[in-house]
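Student: The structure that follows is given in the form of structure tokens.
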Amino acid sequence: MYFNKSHQPENFRFVDPDASTRSSWKIDGKAFRRTWSDLGRGVYRLDVSEKRWPAQHSQAELSNQPQGESLGLGSLDASDGVRLADTADKEILASHPGRVFGVSGQAWLMQFDYDPQMRFYGQGEKTTGLEHTGKHTKFWNTDVWADFDMGQVIHGAPDPMYLSVPYLIVKRGNRYAGVLINNPHAVFMATNPKVTIAHQADAEDDAHATRLFVGAPDGVPEVYFLVGPSLAELTRKLQNLVGRTPLPPMWALGHHQCRWGYASYRDLDRLDKEFTRHRIPNDGLWLDIDYMRGYRVFTWNDKHWPKLARQIASIQARGRKVVPILDPGVKIDPRFNVYKSGVKADVFCQNPAGSEFVGFVWPGATAFPDFSLDAARKWWGRWVGREVVSHDVQGAWLDMNDPSTGPAENSEMRFDRGQQDHATYHNQYALGMAKATRDGFLKRQPNRRPFLLTRSGYTSINRYAAAWTGDNYSNPHHLRNAIATSINLALSGVPFNGPDVPGFGGDATPELAVAWYKAGFLFPFLRNHSISGCREQEPWALGPSTTRVVRRYIRLRYKLLPYLYNLFAQQEETGEAILRPLFYDFADSRKLPLDRVDDQFMVGPAIMQAPVLDPDAATRQALLPAGQWFDAQKGKWIDGGLRIDVRASEDQTPLFVRDGAVLPTRPGDPSDNATDLRDIELHLFLSPGFRGKAAYTYHADDGQSFDYRKGARTTLAFEVRRKDTGIDVAVQTLASAYGPVKVRFVLYAPSRRLTVTHDTATPAGNPARRERTPALKPYRWSFTGKPLSARRSTPVTLGG
């Protein structure tokens, strides 16, 4: 497949408006039935059918019952095509005249009017920057290190990447629309690129032409159009459409340690002792392909694990989860029981000759489960339960599922027992594997939340697995790209994601490791991962000063785990993004062009990071949205709405907290992973001039089971106001089934008084009883100058 070439509108025949009717388009005399569905709340669906596309093969799980504000207008006219606008009827996106919908053989295309004011985001996993104007791209899952030259991998921006979500965000001023194409083939999108010849000359001969179009080389045209109005509301609508991310277990949000070469109990035992010795919290210890017998999936090497169940139990009793890798390729060996059972069940992909497709991965010649088949997914799930979950393993790492076939031409891998060509399920292969794996975990342990991490995926993959951004490299280029890539994934419905830190390939320097941890310590997923043969890069491997700084930021992540966990709870409830760009929470303007900032980001609504990404730089410029911000470096409030110069010292990073933020954290300076959501500090970031009220809803549950869905959760609603010389906190207990929560309040501005009142839930029909907590000693609050550290109140027990 040519990644740098694309279908062009000039080769398509488009709708004849004079011959079209209310329910069909005519193209060259052929009728194309069309259906425009208003799904409500500013979400619309276009379906086009014709005999050249006999069936919809997409396995994406989409909800046709959107939620959110209905603040948008969408329409489809037989001749004028699609038009999306806000409630004031200001246009956001409209079909290009004469090019509403076109076909060229099996391929189809829709072209839209381009406005120079437009800017483009989303598109899932792309390393081509935060904003996508002037680019064309395809959506085709690749094995990046195998499919691209290593010079491009290390220093360039290979496209496409491992994971495909064909979703485009259109920003026009401060109005937003989204286009999601539910098509598993190699969807293409162009955002007004120039037509160039060999990167040397502009070949465009029509000064009025615009090249904003989307389409696919084959497959049913099923397109969803979403109207914002804001980026936040647009993202919530998309997340509700593709599925909100299930609340992960608490341990999945911790720090993880991995290296190609970790294989044995001895390796993990050594890691556990080092994390304990250095007092660095860590939750996951990951096993790469060497733990298996000859790289055979669903096996454990007896030399590495002579007492498997006992040794896994030993590691996990110390609070570390063992996470093994699972590759889809099954070693072709008539004596191998996994392969034999797959042959018997007839679940492997076939080739055009009608025999078993053979690829080449780590164990050599391999067969591949056909995850388009329900029988294959069930077969895989049974093996997951038998050889993974049965040993009390609680998570798995799904790799090589692009699918990676080595030197074998993957177009010869066919699906549905040879009836469907490769392109039909290529992009969906990892989705089928993730679904089958999660089902395998849940059938064996139905009340325990599993954690799966996948390299590849397709639309709605977030229902089953988190995603890491694949095999990256230890250099500043990849560090900078990681921010934009993770943000666009989050805006495209994959909020649980993150890069390998401080880079998978190459040798990480101490300076780069520090810069990467400072930037990424609050990414939704945080894993230290490196390739075999490179310099060791565990937190203690790069010298005492590096260990000290890395430890500081891992601990700060664990301190903020109650905040991160509640962001995931909110994602499950409403679809809110976790890592997001500045213009998600703040409208941009000419003075403050937030949509052009690709090296700062918000973590939830409260925390903004502006990391210094160049290890050799001491300062950078940061753009602060309007309002007051608490500068965690300096320990003081500063004005927003301007650009400032910020400095990164050896152990500090530019970190800002929004005025009015309420942040739940662990008490003290955590040196372990024993997070108890019933024992927290509540940091109240109210500036001296704060007006109005700050509100926050806090959830506490066991962090591992699904009992919270049955009511086993404590939920507290906090309302905080600054009044006179003090602060009033009103607390309402919305649920108390997980028991009382001990709360210490931390203030970040001078205050002589802190008053807490508490409404507790009572049986239905009775008024809530209002309680005043035991009197808290009045304090003269003052700043300490330390990030996220200030004078604390005495503990208060709430929700009991």
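Student: Given Ala55, Gly703, Pro352, which one lies farthest toward the positive end of the charge dipole of the chain, if we put +1 on the Cβ of every Lys and Arg and -1 on the Cβ of every Asp and Glu?
Tutor: Gly703
Student: Name the residues whose placed amide hydrogens come within less than 5 Å of the amide hydrogen of Trp140, ignoring near sequence neighbours (fewer than 5 apart) on the same chain.
Tutor: Met161
Student: Cβ under 10 Å from Ser23's Cβ, Ser23 left aside: what net charge do those residues give with Lys, Arg +1 and Asp, Glu -1?
Tutor: Net of charged neighbours comes to +3.
Student: Tally Lys and Arg at +1 and Asp and Glu at -1 over the other residues with C-beta under 11 Å from the C-beta of Asn488: what net charge comes out?
Tutor: With Lys, Arg at +1 and Asp, Glu at -1, the neighbours total -1.
Student: Let me ask you something else. What whole number of Å gives the distance from the Cα centroid of the stretch 288-320 to the Cα centroid of the stretch 532-577?
Tutor: Cα centres, the stretch 532-577 to the stretch 288-320: 25 Å.
Student: Per residue, how much accessible surface does the chain expose to a 1.4 Å probe? Answer in Å², no decimals.
Tutor: 37 Å²
Student: Straight distance only, please: which lysines reach the Cα of Lys26 with their own Cα at less than 29 Å, same-chain residues fewer than 8 apart left out?
Tutor: Lys5, Lys51, Lys138
Student: How large is ³J(HN,Hα) for each residue in the stretch 279-296, as worked out from phi by the Karplus curve 6.51 cos²θ - 1.76 cosθ + 1.60 (θ = phi - 60°), to whole Hz, x for Gly and Pro?
Tutor: Working through the residues one at a time gives 6, 10, x, 7, 10, x, 10, 10, 10, 8, 4, 6, 6, 8, 8, x, 6, 7 Hz.
Student: Among the DSSP beta bridges whose two residues both lie in the stretch 266-394, what percent are antiparallel, rounded to the nearest 5?
Tutor: In the stretch 266-394, approximately 65 percent of DSSP beta bridges are antiparallel ones.
Student: As I understand it, the dipole of the stretch 249-385 uses +1 on the Cβ of Lys and Arg and -1 on the Cβ of Asp and Glu, about the Cα centre. Which of Gln316, Val343, Phe371 lies farthest toward its positive end?
Tutor: Gln316
Student: Same structure, new question: Sequence-distant or interchain residues sharing an amide H contact under 5 Å with Leu560, placed H: which?
Tutor: When sequence neighbours closer than 5 places are left aside, the close amide H contacts are Arg666.
Student: Related question: Rounding to the nearest 20 debye, state how big the charge dipole of the stretch 134-257 is about its Cα centre with +1 on each Lys and Arg Cβ and -1 on each Asp and Glu Cβ.
Tutor: 720 debye
Student: Using 1/(1 + (r/R0)^6) with R0 = 41 angstrom and r between the beta carbons of Lys443 and Asn64, what's the FRET efficiency to the nearest 0.05?
Tutor: Calculated value: 0.90.
Student: Let me know the charge dipole size of the stretch 371-513 about its Cα centre in debye, to the nearest 20, where only the beta-carbon of Lys, Arg (+1) and Asp, Glu (-1) is charged.
Tutor: About 840 debye.
Student: Label points 7 Å out from Cα along the Cβ direction at Lys636 and Ala587: separation in nm?
Tutor: Distance between the two pseudo-spin positions: 3.2 nm.
Student: Checking the table Lys237/Lys435; Lys126/Lys443; Lys30/Lys171 against a 25 Å threshold on Cα-Cα, which pairs fail?
Tutor: The answer is Lys126/Lys443; Lys30/Lys171.
Student: Quick one: how many Å² of Met413 are accessible to a 1.4 Å probe, rounded to 10?
Tutor: 0 Å²
Student: Summarise the accessible area of the stretch 355-416 (1.4 Å probe, protein heavy atoms) by the percent that is carbon and sulfur.
Tutor: Reported share for carbon and sulfur atoms: 48 percent.
Student: Same structure again: Summarise the accessible area of the stretch 516-635 (1.4 Å probe, protein heavy atoms) by the percent that is carbon and sulfur.
Tutor: 46 percent
Student: Nearest-5 percent of antiparallel DSSP beta bridges in the chain?
Tutor: Of the beta bridges lying entirely in the chain, close to 75 percent run antiparallel.
Student: Multiply the residue gap between Asp115 and Ile197 by 0.36 nm, knock off their C-alpha separation, and tell me the result in nm, one decimal place.
Tutor: Roughly 27.1 nm would be gained on extension.
Student: Given a 1.4 Å probe and every protein chain left where it sits, what share in percent of the accessible area of the stretch 1-156 is carbon and sulfur?
Tutor: Carbon and sulfur together cover 45 percent of it.
Student: Let me check against my output: what whole-number percent is the relative contact order of the chain, with C-alpha pairs under 8 Å and at least 6 apart?
Tutor: 10 percent
Student: With all protein chains present, calculate the accessible area of Ile197 using a 1.4 Å probe and round the result to the nearest 10 Å².
Tutor: Result for Ile197: roughly 100 Å² accessible.
Student: Right, here's the next one. Among (1) 94, 61, 41; (2) 83, 69, 62; (3) 84, 56, 55, find the value of Cα extents along the principal axes in Å that was calculated from the structure presented, and write down its label.
Tutor: Of the labelled values, this structure produces (2).
Student: Let me ask another. Can you give the helix-only mean residue ellipticity at 222 nm for the chain, where every DSSP H stretch with n ≥ 4 adds -39500 (n - 2.57) and the sum goes over all residues, rounded to the nearest 500 deg cm²/dmol?
Tutor: Taking each H run of at least 4 residues, the total per residue is -5500 deg cm²/dmol.
Student: For Glu233, what accessible area in Å² do you get when you roll a 1.4 Å probe over the heavy atoms of the protein chains, rounding to the nearest 10?
Tutor: 10 Å²
Student: Towards the positive end of the charge dipole of the stretch 226-295, with charges on Cβ (+1 Lys, Arg; -1 Asp, Glu), say which of Trp260, Gly284, Gly243 has the farthest Cα.
Tutor: Looking along the dipole axis, the top candidate is Gly243.
Student: Let me ask another. How many angstrom lie between the Cα centre of the stretch 243-280 and the Cα centre of the stretch 728-762?
Tutor: 34 Å
Student: What does the charge add up to near Pro593, with Lys and Arg as +1, Asp and Glu as -1, over the other residues with Cβ less than 13 Å from its Cβ?
Tutor: +2
Student: What percent does the relative contact order of the stretch 366-487 come to when contacts are Cα pairs within less than 8 Å and at least six residues apart?
Tutor: 29 percent
Student: Residue by residue through the stretch 481-492, which ³J(HN,Hα) values in whole Hz follow from phi under the Karplus form 6.51 cos²θ - 1.76 cosθ + 1.60 (θ = phi - 60°), with glycine and proline marked x?
Tutor: These are the phi-based 3J(HN,Hα) values: 4, 4, 5, 5, 4, 5, 5, 5, 4, 4, 6, 9 Hz.
Student: For the stretch 190-198, in order, what is each residue's ³J(HN,Hα) by Karplus, 6.51 cos²θ - 1.76 cosθ + 1.60 with θ = phi - 60°, in whole Hz (x at glycine and Pro)?
Tutor: Couplings: 10, 10, 6, x, 6, 8, 10, 10, 6 Hz.
The values are calculated or read from the model by the stated rules, or taken from the named source; none is laboratory data. All figures in this text were calculated on a predicted structure; none of them were measured in a lab. Positions of Cβ are generated from backbone atoms using ideal geometry, with glycine treated the same way; all protein chains shown enter the neighbour counts. Just so you know, the surface numbers come from the protein's heavy atoms only, side chains and all, with ligands and any DNA or RNA stripped out. Shrake-Rupley method; radii C 1.70, N 1.55, O 1.52, S 1.80 Å.
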